[in-house]
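A.B. asks: Below you will find the structure I want to go over with you.
Readers should treat all values here as calculations from the given coordinates under stated rules, not as data from a laboratory. The structure displayed is predicted, hence computed values, not measured ones. Cβ placement follows ideal geometry from the backbone for every residue including glycine, while neighbour counts extend to all protein chains displayed.
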There are 2 protein chains.
Amino acid sequence: MENQQLNLDYHRIHNFNAGPATLPLSVLEQVQAELLDYHGTGMSLMEMSHRSTEFDALFQQIENDLSKLLNLPADYQVLFLQGGASLQFAMLPMNLRPAGASADYLVNGAWGQAAVKEAKKLGATRVAATSESTNFDRLPAFSAKDLDPKAAYLHYTSNETIHGIEWQAEPQPPAGLPLVCDMSSNFLSRPFDVTKFGLIYAGAQKNAGPAGTTIVIVRQDLLERVPPNLPAMLDYRLQADKGSMYNTPPTFSIYIVGLVLRWLLDMGGLPEIERRNLAKASLIYSAIDQSGGFYRPHAQADSRSRMNITFRMDNEELESLFAKQAKANGLVGLKGHRSVGGLRASLYNALSLESAQTLAEFMQEFQRTHG
Amino acid sequence: MENQQLNLDYHRIHNFNAGPATLPLSVLEQVQAELLDYHGTGMSLMEMSHRSTEFDALFQQIENDLSKLLNLPADYQVLFLQGGASLQFAMLPMNLRPAGASADYLVNGAWGQAAVKEAKKLGATRVAATSESTNFDRLPAFSAKDLDPKAAYLHYTSNETIHGIEWQAEPQPPAGLPLVCDMSSNFLSRPFDVTKFGLIYAGAQKNAGPAGTTIVIVRQDLLERVPPNLPAMLDYRLQADKGSMYNTPPTFSIYIVGLVLRWLLDMGGLPEIERRNLAKASLIYSAIDQSGGFYRPHAQADSRSRMNITFRMDNEELESLFAKQAKANGLVGLKGHRSVGGLRASLYNALSLESAQTLAEFMQEFQRTHG
């Protein structure tokens, strides 16, 4: 038995990164405490076989915790895959769009566009509605007649990180048309009804954990569509049959996702995190709305994201100064995405109310001195 | 500034797991020390944008360190991907086997078989030589006439973890036939000449780091073969153009790979780790060879793996007792792969000489009491 004394000075900043993003401090502390010796096994979780009794128990616990958080019905299966949402953009049509069939996409930002681009490489893909003409400042308008009831599925992106647009409720497809959602950037941030979906996917690195694993939740009857002879790693049915263990899964990332799920359950689940997320977003949108146009939101009021708040100022020099002074005040990650510019505050689950308050106060102070 | 005092009792066992596998203790200690606050940034490496200045500097350092370790020529490119070797089994023929062309495979174990199975789903695939008829107890015999000089590439598996078979030198393809190697389980364990290869791939979770990233090293001229319109995440050329950052890479796994590369450079690089690995393997093979048949090696002498030593005993009861008593003595991970049974000691880079000595002594003691 070794005894280890770590005596470390550290500081933590206010982390508004868009992803990979801030994680709960209590989760990081637990990871740190058990890093050399996981639960008395004499090894790190990273050094453990994915087919060991210990990892198997942990994996089952994680699946149970996720089921509990989401009220997951028995006919849905959870997969832990790799490659991020970008690989799902291709796997989805490979698996669930039969030969000759088309798929419908609702597009409200850059990630939806990327999903369409990948789907088009592999077969018939239709943009049923898009808000591109207004630079993705709102959700796309559409009615039932815009949708193809014979489509293989209807795909949408529940939150767009780059443009800061979020669906306030799910789009309603006609009966029998499976709804598919890229939920990468608001998964686990609010309650939702899984039974409305045929398939959901989410890269972990926003609200669920570190980069390196992608969660897919699929209604089991859809797995019957999977064509034979797909590459094994790209085959939803095979991955489901093997319980996400066809090969070595990203065990350490999955373990951290598990700790984040526990953190959510312990606080009261998705209703409680939604309450906290609303409070944080409200602070920042209030600072914008009360600025008299000094801060200008990108998103129309009915399409605002709780996760990624995008705004502009009068000119790029002022935006740069804002980001620079914010950083000097311990507020980092506020520059907008390189493709659109401006400013962006990402307020994911693990960002504290205190961090949001600090940003709101900084915005008011910055306006007083530069307005 | 916070001050943290961690006072932890921990113990470390002798970890013979086949992968995920033991990591250098000094690497784990560094990960632990900087887990809450990476280099004074006020956040964990896990919470950092993959497009930040800090991560960019780290990533370049990792690429430089790998180049240095391997004496990598300028016309080779390194990619950090996801999905393990199993996804490479499909990506390789997708990218480097032109339509209508065939590829040759040398098969010396279960992983080579899996590579063939995936390649066959996607096009013409030929097993040029295999040692299946002797249950993969040796390398396959072949001569120049067994190879197709018009094949897109010649693929082999440099080390088979399940059967414990390792190539002592690379197979020699005819001039102009690119050699491709699944080096997952002995990558970085010994020096090798990169210029002999067209492409090398390796899941990290044996010698290079934790599960979650896959290293691909490709000669740049081969990227000209990549067909248009592959799914982005499966396209070697696109991943090369984007410097492995088409989307969010598994940043934390890559960071730990970087620490392992530093550990290797600091000790003297691949010649030094080979010396250590030979010393460890020699201890265990000696215990087997000097047991008078009590321990029976699976591999023929000229095909023995330094990484995974596979052996049998007279009956399964004795093998179970061996694994059980070994575990009670702090030696874990010695059961053979579920598909072949028997016993297996994996002696990857981070396993210490002391652990190998402890196992050799345990084997002798077990034979004294049960022989």
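A.B. asks: For chain A, what does -39500 (n - 2.57) per DSSP helix run (n ≥ 4), summed and divided by total residues, give at 222 nm, in deg cm²/dmol to the nearest 500? Let's see the in-between values first.
C.D. replies: Values: 9 runs with 128 residues, N = 371.
Result for chain A, helices only: -11000 deg cm²/dmol.
A.B. asks: For B:Phe142, which inter-copy label distances result when the label point lies 7 Å beyond Cα on the Cα-to-Cβ vector, reported in nm to one decimal and in ascending order?
C.D. replies: Listed shortest first, these distances are 5.0 nm.
A.B. asks: Please express the Cα-Cα pair-distance distribution P(r) of segment A:190-295 as a list of whole percents, one per 10 Å bin, running from 0 to the bin with the greatest distance.
C.D. replies: Result returned by the calculation: 12, 30, 30, 17, 8, 3.
A.B. asks: Inter-copy label distances at A:Tyr10, 7 Å along the Cα→beta-carbon direction, one decimal in nm, shortest first?
C.D. replies: A:Tyr10 label point versus its equivalents elsewhere: 1.3 nm.
A.B. asks: Taking the Cα atoms of segment B:32-266, report the difference between the largest and smallest coordinate on each principal axis, in whole Å and largest first.
C.D. replies: 60, 39, 29
A.B. asks: Give me a single rounded figure for A:331-341: the average over its residues of other chain Cβ atoms within 10 Å of their Cβ.
C.D. replies: 1
A.B. asks: Further question on the same structure: Please state, as a whole number in µm²/s, the translational diffusion coefficient that the Stokes-Einstein equation yields for the protein assembly as shown at 37 °C and 0.692 mPa s, with Rh defined as the Kirkwood radius across alpha carbon pairs.
C.D. replies: Reported coefficient: 121 µm²/s.
A.B. asks: Something else now. Give the average, rounded to an integer, of partner chain Cβ atoms located within 10 angstrom of each Cβ in B:76-82.
C.D. replies: 2
A.B. asks: What value in Å³ per residue do you get for the convex hull of the alpha-carbon atoms in segment A:1-142? Mind dumping the intermediate values first?
C.D. replies: Numbers: hull volume 27.8 nm³, N = 142.
For segment A:1-142, the hull spanned by Cα atoms encloses 196 Å³ per residue.
A.B. asks: Okay, next question. Would you kindly derive the ³J(HN,Hα) couplings of segment A:194-199 from the backbone phi angles with the Karplus curve 6.51 cos²θ - 1.76 cosθ + 1.60 (θ = phi - 60°), listing them in order in whole Hz, with x for Gly and Pro?
C.D. replies: Karplus values, whole Hz, x for Gly and Pro: 4, 5, 6, 10, x, 8.
A.B. asks: From the phi angles alone, apply the Karplus equation (6.51, -1.76, 1.60; θ = phi - 60°) to segment B:154-160 and give each ³J(HN,Hα) in whole Hz, x where the residue is Gly or Pro.
C.D. replies: 10, 9, 8, 10, 5, 8, 9
A.B. asks: So who's got an amide H within less than 5 Å of the one on B:Ala103, skipping anything under 5 residues away but keeping other chains? H placed 1.01 Å off N, in plane.
C.D. replies: The list, which skips near neighbours in sequence, is B:Thr125, B:Arg126, B:Ala152.
A.B. asks: State the answer as a single residue: which of B:Leu188, B:Leu36, B:Asn64 lies farthest towards the positive end of the charge dipole of chain B, with beta carbon charges of +1 for Lys and Arg and -1 for Asp and Glu, about the Cα centre.
C.D. replies: Farthest towards the positive end: B:Leu188.
A.B. asks: In addition: So what's the convex hull volume per residue for the Cα atoms of segment B:218-371, in Å³? Intermediate values should be presented prior to the final figure.
C.D. replies: On the way: hull volume 28.0 nm³, N = 154.
Spread over its residues, the Cα hull of segment B:218-371 gives 182 Å³ apiece.
A.B. asks: Could you calculate the FRET efficiency of A:Ala279 with B:Lys242 from 1/(1 + (r/R0)^6), where r is the beta carbon distance between them and R0 is 30 Å, rounded to 0.05?
C.D. replies: 0.20
A.B. asks: Please report, for A:Met245, the nm distances (one decimal) from its label point, 7 Å out from Cα along the beta-carbon direction, to the equivalent points in the remaining copies, shortest first.
C.D. replies: Computed spacing set for this position: 3.7 nm.
A.B. asks: Percent relative contact order of chain B, based on C-alpha pairs within less than 8 angstrom and at least six residues apart?
C.D. replies: 22
A.B. asks: Across peptide B:10-22, how many C-beta atoms of other chains are within 10 Å of each residue C-beta, on average?
C.D. replies: 6
A.B. asks: Shifting gears a bit: Using a cut-off of under 20 Å, list every residue of segment A:232-270 whose amide N is near the label point 7 Å from the Cα of A:Gln220 along the Cα-to-beta-carbon line.
C.D. replies: What the label zone holds, given the 20 Å backbone N cut-off, is A:235-246.
A.B. asks: Give the total of Lys-Lys pairs in chain A with Cα-Cα distances below 24 Å; include a pair only if its members are 8 or more places apart or on different chains.
C.D. replies: Close lysine pairs under the 24 Å cut-off: 21.
A.B. asks: OK, next. Are there DSSP H segments in chain A that both extend 15 Å or more along their axis (alpha-carbon positions) and score a mean Kyte-Doolittle hydropathy of at least 0.5? List them, or say none.
C.D. replies: Span-like helices here: A:84-96, A:251-267.
A.B. asks: For B:Thr53 and A:Lys196, FRET efficiency with R0 = 45 Å and r from the beta-carbon atoms, rounded to 0.05?
C.D. replies: Here the calculated transfer efficiency is 0.60.
A.B. asks: Next question. If you take every DSSP beta bridge fully contained in segment A:32-266, what fraction is antiparallel? Give it as a percent rounded to 5.
C.D. replies: 45
A.B. asks: Search the structure for amide H atoms under 5 Å from the amide H of B:Thr213, placed 1.01 Å from N in the peptide plane, and list their residues when 5 or more places away or on another chain.
C.D. replies: B:Ala204
A.B. asks: For chain B, set up a GNM with springs between Cα atoms under 10 Å and report which of B:Ala114, B:Ala18, B:Ala152 has the largest fluctuation.
C.D. replies: In this elastic network of chain B, the residue with the biggest mean-square fluctuation among B:Ala114, B:Ala18, B:Ala152 is B:Ala114.
A.B. asks: Using the Cα centre of segment A:245-371 as the reference point, and only Cβ charges (+1 on K/R, -1 on D/E), how large is the resulting charge dipole? Debye, rounded to the nearest 20.
C.D. replies: On the way: 14 positive and 12 negative charges, 45 e Å.
Dipole about the Cα centre, nearest 20: 220 debye.
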